[in-house]
Every structure is written in structure tokens, then in C-alpha cells.
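Read the structure below first, then the notes.
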């Protein structure tokens, strides 16, 4: 497993354990994070820096969803320190009680062992319908 793939796998593992501090520590100070267009949290795109991601994405996930986890995760290395993560979001919205099992892909880019960019692709229709 190449170094970039290992870093992203570690991020996913830390997120699954709820260790947000470890996830944030793997990001560069000026990371650019983009949620998928029409995803509920795309209103802050692009999020710049770990603090913006923490408050604009991670805190909202924790507040609004009973659980939000990744399933069927596959992490693949690409050229130029890029990594692709694919799988499914499995989650239950607190307010509506609706559950999702939505397809997703994450495109990560690293530099000097830190994540410098993230682009999410997801079944935004399913997620958006769960929150209303």
C-alpha cells in the first residue's frame, strides 16, 4: 500500500472511531474541501482549512444525523499523490428519521504527507430527500 493510500485509510479509520482530531491532523492548514453540488453542506464550498471543515461539515453531521458511517469502502491509489475512496453512506437523519444508503466517491490529493484537497461525489438526491 503506498503512503498516500495509507494516510487516507487512516483518516477513514479515525473517522469511523469518532477521532475527529486525528482526521483533522492529517489535513494541511490550507486544505480546500468541496462537498458535492446539491449536498446539504455544499453551502460553504470551498471550505478552507481544518477549522472550516470541522464547523461546516463534521459538526453538522454530528448534530443532524443519528449516525453517519461509510460502508463497502475501497481506497485506491492514483498518480500525483491522488487517492480515490468509494463506497456508500449509511446514515439516519435525527429530525426526519429517514435512513440513507447512498453511493459516494471521494477524490483526495496529498502533498508532503498531508491532504491538500478533497472533492466529494454522492447521491445527493437520496441525501437531500432524507433531510426534508
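Coordinate-derived values only; no laboratory data. Small disclaimer: the values here were computed from a predicted structure and weren't measured. Cβ atoms come from the backbone with ideal geometry, glycine included; neighbour counts cover every protein chain shown.
A few comments on the model shown:
- Virtual spin-label span in nm between residue 101 and residue 74, 7 Å along Cα→Cβ: 1.8
- Gap separating the Cα centres of segment 31-66 and segment 102-132, nearest whole Å: 10
- Taking the C-alpha atoms only, the angle from helix 3-16 to the longest principal axis of the chain is near 30 degrees.
- Note on residue 126 and residue 12: their simple-model spin labels are 1.6 nm apart, each label 7 Å out from Cα toward Cβ.
- Mean sequence separation of contacting Cα pairs (under 8 Å, at least six apart), scaled by the length of the chain, corresponds to a relative contact order of 25 percent.
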